[in-house]
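Novice: So that we are looking at the same thing, I have put the structure below in structure tokens.
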Amino acid sequence: MDKINNYFPLISFNSESQLAIFSPKRLRSFFLSLFQFVLVLFIVTKYNFEKSSGIIDYAPYVILVFVVYSFIPIRFRPAFLFLSCVSLIYIAFGILAGSFFIVIGLSLIFISHLPIKFKYRVFIVLLLALILALFRTEFIYLPWMTMTAMYMVPLFMFRLIIYLYEIKNGLIPLNKWQSVSYFFMFPNVFFLFFPIIDYKTYIKTFLDSPEIEIWQKGIRWMVRGLIHIMCYRLICLNFLIGPAEVIDLPSLLQYMVVNYSLIVRLSGVFHFMVGLVCMFGFNLPQIFDNYFTATSFVDLWRRINIYWRNFVLKIFFYPIMFRYKKIVKKNLLAFTMMTVFFITWIMHSYQLFWITGVVSVRPIDVIFWMVIGTCITANSVIIERRTLSENREIKELSNLYKYFKKIIRIVGMFFFMSIMWSLWNTPTLADWIFIVSKGKQFDSMQLILIVCILIAIIFLGVFVQILIKNHNIKKLLIAKPHDTLLLTFSTLLILTSFSFIEIRSKLPASIQKLYSNLSDGSPNKLEKTAAEAGYYDKLIEGDEGNTIGIGGKSVKKMVKKNPYVNAYFYQNNIVNRRMKPNLNIIGLDHNFQSNSFGIRDKEYLYKKPQGTKRLALLGSSYQMGSGVDNDEVFEAIAEEKMNRELTDSINKKFEIFNFAAGGYYLLQHIELINTTVFQYDMDAVAYFAHTDERGKVIKDFALIIKKELPLKYPFLENIVKESGVKPYMSMLQIKEMLTPYSDTIMKWGYIEIAKQCKKNNAIPVWVFMETTTEFVDLKEFNELKEYAESLGFVTIDLRDTYGKLDRNEIRISELNTHPNVLGHRLIAEKFYKELKIKKSLIFRVEE
Amino acid sequence: MSSNVNEIKETVREFVKNRFLKNSDGLELTYSTPLISGGIIDSILTMQLVVFLEQTYSFEFQAHEVDKDNLDTIEIIAAFVVKKQNG
């Protein structure tokens with residue numbers, strides 16, 4: 001024991017943690033825990049939990065690290081943990097970027113120990129952070145450095161603050177491996193958004209209890225995490241509604257309550273992560289404590305994300321309190337709390353910045369943190385005054401009164417947090433006010449139902465409390481790890497057995513459906529909506545196109561956050577964004593060039609050569625070929641094939657001008673067709689439509705109104721006038737007010753295209769293209785097709801392009817769902833076939 | 001002036017009991033009852049305990065000393081007070 005303490009002077013090792021590595025007792029415990037750990041990772045794989053983290057791909061590696069780690073002498077374990085993390089970084093990033101990552105990380109730790117004044121060390125760290133921030137925002141773009149800033153800083157962003165704080169206050173680690181393993185924490189590589197583990201806790205809890213207890217705690221928390229994530233999926237699938245679906249009081253309540261309930265994903269992921277760290281012998285404390293049952297603001301602050309609260313207390317609350325206790329004589333607690341909540345807001349933006357690269361200063365965040373901060377401060381001051389009052393009387397209350405009081409407080413807190421959470425997770429304050437205004441609409445039956453549900457919840461809460469009190473259930477709920485072993489084990493076995501089709505097929509259809517819902521890892525449309533707005537979802541998901549963990553596959557390929565940010569210039573008209581001519585964007589994982597006309601295409605002559613047939617392609621990012629090379633875009637492939645196989649002595653050449661660009665919809669195309677397209681003497685114009693054509697037009701029109709762009713067309717001006725929409729209204733409200741006009745606008749757009757084509761002696765072509773994410777609405781498809789045909793469009797149907805292929809095979813990534821190279825090849829094949837069949841109609845070519 | 005460890009323990013126990021546990025039905029407070037990790041005192045009450053210790057035993061806390069390592073049980077608190085008094 002003394003020998004071990006030479007290596008880890010700050011740790012009080014538990015005597016049982018020092019069992020001989022191969023003692024029968026330890027081996028029994030180890031194999032039991034290993035079996036459970038394998039089951040946990042098997043379930044993670046089978047149920048597709050947090051797929052983008054990479055934990056599924058590296059599950060065997062995690063098990064291997066756990067096995068080796070558990071059988072090496074304790075003094076080598078921190079070093080082994082660090083090296084396991086480093087190996088994974090090299091596997092994920094390659095030698096060059098991996099070395100950048102590790103050297104910069106180690107430099108930050110080294111700087112913290114430089115033999116210079118502490119303030120100079122902090123200054124150098126801040127300077128380095130500033131440089132990394134320039135790379136993170138892509139202000140300076142060097143793929144390896146940007147990648148380092150993106151993936152390394154989240155490992156250091158809070159831990160370095162804690163580490164410097166401990167060094168300043170004299171806690172200098174004598175074992176350097178503990179320091180490096182703290183920063184390069186093995187499980188952290190899978191989840192960049194990680195709980196703030198305190199340094200002192202990390203080193204002091206290392207094997208402070210028998211290993212079996214720590215392993216079992218880890219397993220228990222991982223299982224709890226998985227159950228939370230399952231609950232999240234079920235909530236999303238069954239109850240989640242988008243802001244646009246809030247129409248009355250019941251749907252408003254549903255929107256708010258479900259929004260807050262989605263926090264189970266955060267607690268699920270965090271429980272899983274902390275459990276994973278426990279598997280390596282760190283006896284970490286609880287991170288969430290039944291936060292839905294908080295009875296007051298202070299109680300909630302105690303229960304929700306406890307690691308964050310402890311970090312804030314340690315680094316800000318106590319230092320501020322001690323610094324100002326002689327200056328601020330009155331209301332010191334209130335002053336400190338409000339300052340701390342102001343800092344909490346800043347720290348949330350800081351965290352969001354490093355993980356997503358977005359600088360977010362939303363008024364809604366300020367309101368959220370200030371309201372929460374004020375409530376917790378007021379509650380704290382009341383508690384302080386109550387405890388300070390010498391003569392306070394303790395009233396004797398009946399148990400029943402206490403139960404009612406408690407459940408009413410729980411329901412009240414839950415409802416308050418639901419309101420606040422919906423505010424925080426709605427894109428803008430105007431949107432939130434608009435949604436809340438829907439609450440005015442309800443009928444008496446709905447009101448009676450809501451009141452009945454509320455009363456039922458209160459009585460159920462009282463009943464549960466009586467049950468707990470009278471039947472000693474509380475003891476069972478806080479049972480020791482050994483007692484819950486059976487429960488954990490059976491949960492794991494049930495979940496594992498469900499994942500085998502042989503077993504599942506013998507179960508009722510409802511259970512089979514439940515499994516398919518629980519195991520579907522791809523986020524549905526509503527989840528995506530929630531993720532777009534939700535603070536924590538943004539952190540868990542990370543950037544669009546990037547994964548959340550270093551273990552994720554897409555890490556190997558550096559993806560710029562806004563790859564085409566410099567590809568456009570802005571105009572004060574409906575088109576708004578136009579592609580710059582003669583572009584050649586470098587630093588992407590694909591080439592991107594535009595020609596001298598400012599379209600993503602090869603160079604063409606301005607004047608159409610004799611014997612050439614020209615087709616203008618009007619589309620959005622799908623048709624522009626977001627994420628693939630210029631010559632991989634389906635338009636380029638189809639054009640090349642047409643020129644190879646369809647030309648003859650009369651039709652010497654086919655040219656398809658790709659006018660498509662990201663964010664272009666029907667209205668932008670109307671403007672282009674009126675101003676640009678026919679400059680190039682087009683023979684035909686192909687307009688590309690997708691599912692939810694009307695919805696997309698409305699969303700785009702609302703954005704144009706919001707941006708106050710000149711509408712130019714009297715028809716659109718009339719719609720604005722008639723509908724009464726104003727630019728200051730929320731997007732939600734504008735969209736809702738425009739929706740009744742969606743069909744009229746869409747029809748007007750099609751008429752405009754047909755009219756301009758007729759005027760310029762060109763053939764209008766309507767192409768329906770299936771996206772990689774949406775299901776085709778057959779009714780809508782038939783309506784649009786029929787309408788286009790009635791206006792004289794030649795129609796092309798590109799449905800069923802991808803055949804039976806899994807959608808993931810034809811998408812760039814899970815988050816960037818544009819077609820990949822294979823997707824474009826398939827589209828090109830079908831597009832070419834259709835053009836060939838309808839050649840005579842489209843190009844007026846004699847067969 | 002340094003105080004006897006047992007006296008400190010008893011004084012702190014009385015303070016915690018009267019100040020923080022008036023409302024708790026039948027909770028037994030021993031010298032080893034975990035105060036912070038057991039959830040008996042939170043950050044607000046911890047600060048009251050700190051002020052009490054500073055005033056009673058005439059020494060000053062540093063911000064980083066306000067943690068579980070120095071304040072989790074009455075035994076630990078007494079040891080910390082003695083350590084501070086002895087400089």
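Residue-by-condition table, conditions (1) crowded, with 19+ Cβ neighbours inside 10 Å; (2) basic (Lys, Arg); (3) within 30 Å of residue A:519 (Cβ to Cβ):
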{"residue": "A:27", "(1), (2), (3)": "no, no, no"}
{"residue": "A:39", "(1), (2), (3)": "yes, no, yes"}
{"residue": "A:45", "(1), (2), (3)": "no, no, yes"}
{"residue": "A:54", "(1), (2), (3)": "yes, no, yes"}
{"residue": "A:95", "(1), (2), (3)": "no, no, no"}
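Novice: Among the residues of the stretch B:6-15, is there at least one that is within 14 Å of another protein chain (Cβ to nearest Cβ), touching a Ser or Thr at 6+ places or on another chain (Cβ under 9 Å) and either buried (at least 18 other Cβ atoms within 10 Å of the Cβ) or not in a helix (DSSP H, G or I) (or both)? Can you show your working first?
Specialist: Filtering the stretch B:6-15 down to residues within 14 Å of another protein chain (Cβ to nearest Cβ) leaves B:14-15.
Next, from what is left, pick out any that are touching a Ser or Thr at 6+ places or on another chain (Cβ under 9 Å): B:15.
Retained after the next criterion (residues that are either buried (at least 18 other Cβ atoms within 10 Å of the Cβ) or not in a helix (DSSP H, G or I) (or both)): none.
No, every residue in the stretch B:6-15 fails to be within 14 Å of another protein chain (Cβ to nearest Cβ), touching a Ser or Thr at 6+ places or on another chain (Cβ under 9 Å) and either buried (at least 18 other Cβ atoms within 10 Å of the Cβ) or not in a helix (DSSP H, G or I) (or both).
Novice: Another question, then. Given the structure, is residue A:171 within 14 Å of chain B (Cβ to nearest Cβ), outside any loop (DSSP other than H, G, I, E, B) and within 26 Å of residue A:307 (Cα to Cα)? Break it down into steps so the answer makes sense when it comes.
Specialist: Numbers: within 14 Å of chain B (Cβ to nearest Cβ): yes; outside any loop (DSSP other than H, G, I, E, B): no; within 26 Å of residue A:307 (Cα to Cα): yes.
Spelling it out, it is not the case that residue A:171 is within 14 Å of chain B (Cβ to nearest Cβ), outside any loop (DSSP other than H, G, I, E, B) and within 26 Å of residue A:307 (Cα to Cα).
Novice: Here are some residues: A:728, A:741. Which one is among the aromatic types (Phe, Trp, Tyr) and touching a helix residue (DSSP H, G or I) at 6+ places or on another chain (Cβ under 7 Å)? If you could, list the steps in order and put the result at the bottom.
Specialist: Values: A:728 fails: touching a helix residue (DSSP H, G or I) at 6+ places or on another chain (Cβ under 7 Å).
From the options A:728, A:741, the qualifying one is A:741.
Novice: Of all helices (runs of 4 or more DSSP H) completely enclosed by the stretch A:669-752, which ones contain at least 2 residues that are under 25 Å from residue A:786 (Cα atoms)? Break it down into steps so the answer makes sense when it comes.
Specialist: Numbers: elements: A:693-706, A:714-723, A:731-738.
The qualifying helices (runs of 4 or more DSSP H) are A:693-706, A:714-723.
Novice: Mind checking whether some residue in the stretch A:424-441 is assigned to a loop (DSSP other than H, G, I, E, B), more than 14 Å from chain B (Cβ to nearest Cβ), among the hydroxyl-bearing types (Ser, Thr, Tyr) and touching a Leu at 6+ places or on another chain (Cβ under 8 Å)? Steps first, please.
Specialist: To start, the set of residues in the stretch A:424-441 that are assigned to a loop (DSSP other than H, G, I, E, B) comprises A:425-428, A:441.
With the extra rule that they be more than 14 Å from chain B (Cβ to nearest Cβ), the set shrinks to A:425-428, A:441.
After this cut, where a residue has to be among the hydroxyl-bearing types (Ser, Thr, Tyr) as well, the list is A:426, A:428.
Then drop every residue that is not touching a Leu at 6+ places or on another chain (Cβ under 8 Å), which leaves none.
No, the stretch A:424-441 contains no residue that is assigned to a loop (DSSP other than H, G, I, E, B), more than 14 Å from chain B (Cβ to nearest Cβ), among the hydroxyl-bearing types (Ser, Thr, Tyr) and touching a Leu at 6+ places or on another chain (Cβ under 8 Å).
Novice: Go through the stretch A:39-53 and count every residue that is part of a helix (DSSP H, G or I) and closer than 17 Å to residue A:190 by Cα. I'd like the intermediate steps shown before the answer.
Specialist: Of all residues in the stretch A:39-53, those part of a helix (DSSP H, G or I) come to A:39-46, A:51-53.
After this cut, where a residue has to be closer than 17 Å to residue A:190 by Cα as well, the list is A:40-45, A:51-53.
Within the stretch A:39-53, residues that are part of a helix (DSSP H, G or I) and closer than 17 Å to residue A:190 by Cα number 9.
Novice: Ok, one more. Within the stretch B:42-85, can you find the residues that are assigned to a loop (DSSP other than H, G, I, E, B), more than 24 Å from residue A:168 (Cβ to Cβ) and more than 10 Å from chain A (Cβ to nearest Cβ)?
Specialist: Residues satisfying the conditions are B:58, B:73.
Novice: Please indicate, with yes or no, whether at least one residue in the stretch B:20-40 is part of a helix (DSSP H, G or I) and either touching a residue at least 12 places away in the same chain (Cβ under 8 Å) or buried (at least 17 other Cβ atoms within 10 Å of the Cβ) (or both).
Specialist: Residues of the stretch B:20-40 part of a helix (DSSP H, G or I): B:20.
Right, trim to either touching a residue at least 12 places away in the same chain (Cβ under 8 Å) or buried (at least 17 other Cβ atoms within 10 Å of the Cβ) (or both) and you get B:20.
The answer is yes, given that some residue of the stretch B:20-40 is part of a helix (DSSP H, G or I) and either touching a residue at least 12 places away in the same chain (Cβ under 8 Å) or buried (at least 17 other Cβ atoms within 10 Å of the Cβ) (or both).
So that you can scan it fast, the table gives a plain yes or no per residue for (1) within 18 Å of residue A:315 (Cα to Cα); (2) part of a loop (DSSP other than H, G, I, E, B); (3) polar (S, T, N, Q):
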| position | (1), (2), (3) |
| --- | --- |
| A:141 | no, yes, no |
| A:144 | no, no, no |
| A:148 | no, no, yes |
| A:152 | no, no, no |
| A:163 | yes, no, no |
| A:167 | yes, no, no |
| A:177 | no, no, no |
| A:181 | no, no, yes |
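Novice: Let me ask something else. When the stretch A:636-652 is examined, which residues are found to be buried (at least 24 other Cβ atoms within 10 Å of the Cβ) and in contact (Cβ under 8 Å) with a residue 60 or more places away in the chain?
Specialist: Of all residues in the stretch A:636-652, those buried (at least 24 other Cβ atoms within 10 Å of the Cβ) come to A:638-639.
Answer for the stretch A:636-652, where residues must be buried (at least 24 other Cβ atoms within 10 Å of the Cβ) and in contact (Cβ under 8 Å) with a residue 60 or more places away in the chain: just A:638.
Novice: Counting only residues that are modelled with pLDDT of 90 or more and under 24 Å from residue A:107 (Cβ atoms), which one in the stretch A:186-199 is nearest to the other protein chains (Cβ to nearest Cβ)? Can you show your working first?
Specialist: In the first step, residues of the stretch A:186-199 are kept if they are modelled with pLDDT of 90 or more; the result is A:195-199.
Those left that are additionally under 24 Å from residue A:107 (Cβ atoms): A:196-199.
Working: A:196: 15, A:197: 15, A:198: 10, A:199: 12 Å.
Only one residue fits best here, namely A:198.
Novice: Oh, and also: List the number of the failed condition for residue A:377; all other conditions in (1) within 14 Å of chain B (Cβ to nearest Cβ); (2) crowded, with 19+ Cβ neighbours inside 10 Å; (3) outside any helix (DSSP H, G or I) hold.
Specialist: Only one criterion in (1) within 14 Å of chain B (Cβ to nearest Cβ); (2) crowded, with 19+ Cβ neighbours inside 10 Å; (3) outside any helix (DSSP H, G or I) is unmet by residue A:377, namely (3).
Novice: Something else about it: Taking the options A:655, A:632, name whichever one is crowded, with 21+ Cβ neighbours inside 10 Å and over 22 Å from residue A:797 (Cβ atoms).
Specialist: Working: A:632 fails: crowded, with 21+ Cβ neighbours inside 10 Å.
Being crowded, with 21+ Cβ neighbours inside 10 Å and over 22 Å from residue A:797 (Cβ atoms) holds for just one of A:655, A:632, which is A:655.
Novice: Just one of the numbered conditions (1) more than 14 Å from chain B (Cβ to nearest Cβ); (2) of a type in the set (Phe, Trp, Tyr); (3) closer than 29 Å to residue A:228 by Cα is not true of residue A:301; which one?
Specialist: (1)
The values are calculated or read from the model by the stated rules, or taken from the named source; none is laboratory data. Just so it is clear, the model here is predicted, and its values are computed rather than measured. Cβ atoms come from the backbone with ideal geometry, glycine included; neighbour counts cover every protein chain shown.
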